[in-house]
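Read through the structure below, which is laid out as structure tokens, and then see the notes.
Read the figures in this text as sums done on the coordinates, not as results from a lab. Note that the structure is a prediction, hence the values are computed from the model and not measured. Glycine gets a Cβ as well: all are built from the backbone with ideal geometry, and neighbour counts include every protein chain shown.
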Amino acid sequence: MTTITPFSTSTIQDAEVALASHWQVLDTISSQVFERVLEGFIQYRVGEEHFLSVTGYGHDDLGRQTTDQVFAYALQAERALVRLQMVSGTHALSVALNGTLKAGDTMLSLTGCPYDTLEEVIGLRANNPQSLIAKGVEYDSIDPFHNNRFHLPQSPEADEKVRRATMVYIQRSRGYASRQTLTIKNIQALCQWVRQLNSHVIIMVDNCYGEFVEAQEPTAVGADLMAGSLIKNPGGGIVPTGGYIAGKKELVEQCAYALTAPGIGAEGGYTFDLNRLILQGLFLAPGMVLDALKGATLASYLFEQKGYTVFPHWQDLRGDIIQLVELGSPEKLIQFCRCVQANSPVSANVRPEPSVVPGYGDKVVMAGGTFIQGATLELSADGPLREPYAVFLQGGLVYAHSRLIISKLMEIL
């Protein structure tokens, strides 16, 4: 019988010493973001009256209106639409796409194939009659990654595609791809290149997993529109559902009409007495993202020390909270997720099994022992059962939790 040597606490401590200077950089970024978030609360005079809700249509909900303003300030956008009626990040992205594209328009992805759940929204899989392609929107893509690293896609063919586009679409996070997550510097370079070729094109960013990771947001460096989920970074781990869309005022207004109805837009939508929680989640978010980043860099450092391929490396500038580890076999992928689940605060007794998940093309194994179902700012892990059998470790509201789970993973892998 094989005896597993317990992973040494001193090894974790050695890693933390090695990471200390890098973590100081993360601390500085988090402080800058927190200061901006707090300024938004102060500028819009958030008070007890903003925590109340109205019923029915939701007309004249002062808390909802103020929440939109505070989020817009925090996300460095002209306007924001923050709604519990958006059931996921995919839904928020779908609303943004359907609100700004019509038949005859062209959507151009600048980051290759989009995340799995967007494939059906666009119409690249399943032939859904409500997809963009089925409604007459044309789709094209450019892959700017070489050896999984970003390179500005400057070529005559790429230039011509941008000139023809109605919207260029940038996915900040890697999704289930083994490629670099885009940093704000990368997004700014893309925006500048696009603007030189097409001054009228809409630049949209899928900002999921990227909020508050860096000091600036995409809308501060040239993006016109972005969207994300409240059960990821900006919800601070306590908002039970919802999504946001932020950017140029006129574009967000179009998205609001797509979410509700023409003539209603942002003026409707019951907030279920959750204004307080949404605002408190935003207030907590920079600190929660910081702890998630510290856990991710610890995992990157230690798994790389054990010989696994990791993206990003611990010292890399990060664009999101996700850590990819290529495990090399389905057995290790399943084992990894089961370990995370077994050491989670909710449903630790549940045994993850690979299964087909709505919106995904392959079987996926998921560990999600989270207080909010699917909340990936809480510590979770998942991955599709396809080569290179990579696991995507994300979130971690409390660094101590990430540290504990990583130490247990080191013992079994």
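Taking every DSSP bridge with both residues inside the chain, close to 65 percent are antiparallel.
Considering only the stretch 51-276, what is the antiparallel percent among its DSSP beta bridges, to the nearest 5?
Numbers: 12 of 27 bridges.
Just about 45 percent of them are antiparallel.
Along the stretch 385-392 the Karplus relation, 6.51 cos²θ - 1.76 cosθ + 1.60 evaluated at θ = phi - 60°, assigns HN-Hα couplings of 7, 8, 4, x, 6, 8, 9, 10 Hz to successive residues, with x for each Gly and Pro. In straight-distance terms, cross-link reach from LYS306 covers every one of the aspartates and glutamates whose alpha-carbon lies under 13 Å from its own, apart from those fewer than eight places away in the same chain; here that gives GLU326, GLU411. Give LYS102/LYS185; LYS161/LYS294; LYS232/LYS408; LYS135/LYS185; LYS102/LYS248 a once-over and call out the pairs whose C-alpha atoms are over 28 Å from each other. Listed pairs above 28 Å: LYS102/LYS185; LYS161/LYS294; LYS135/LYS185. Applying the Karplus relation 6.51 cos²θ - 1.76 cosθ + 1.60 with θ = phi - 60° to the stretch 227-243 yields 3J(HN,Hα) values of 8, x, 10, 7, 8, 10, 3, x, x, x, x, 10, 7, x, 6, x, x Hz, where x marks Gly and Pro.
Mind grabbing the base-10 log of I(q)/I(0) for the chain at q = 0.07 Å⁻¹? Debye formula, identical points on the C-alpha positions, no solvent, two decimal places. Here log10 of I(q) over I(0) equals -0.32.
Annotation: amide H of TYR139 within the under-5 Å range of MET107, sequence separation 5 or more or interchain, hydrogens built in the peptide plane. Segment SER53..VAL87, full-extension length gain: 10.3 nm, with 0.36 nm per residue of separation and the alpha-carbon distance subtracted. Coordinate range of the alpha-carbon atoms in the stretch 51-276 per principal axis, descending: 54, 38, 31 Å. In the chain, helices alone account for a calculated mean residue ellipticity at 222 nm of -12500 deg cm²/dmol, with every DSSP H run of four or more residues adding -39,500 (n - 2.57). Other residues with beta-carbon under 13 Å from the beta-carbon of VAL162 carry, at +1 per Lys or Arg and -1 per Asp or Glu, a net charge of 0. Once you order the gyration tensor axes a ≥ b ≥ c over the Cα atoms, which shape class does the stretch 181-311 get: rounded for a/c under 1.5, otherwise prolate or oblate by comparing a/b with b/c? Note, shape of the stretch 181-311 comes out oblate. Across the alpha-carbon set of the stretch 1-140, the Rg to Rh ratio works out to 1.15, Rh being the Kirkwood radius.
Are there chymotrypsin sites (Phe, Trp or Tyr not before Pro) in the stretch 349-401 that DSSP puts in a loop and that have at most 13 other Cβ atoms within 10 Å, and which ones?
When the chymotrypsin sites (Phe, Trp or Tyr not before Pro) of the stretch 349-401 are filtered for loop state and at most 13 Cβ neighbours within 10 Å, PHE371 remain.
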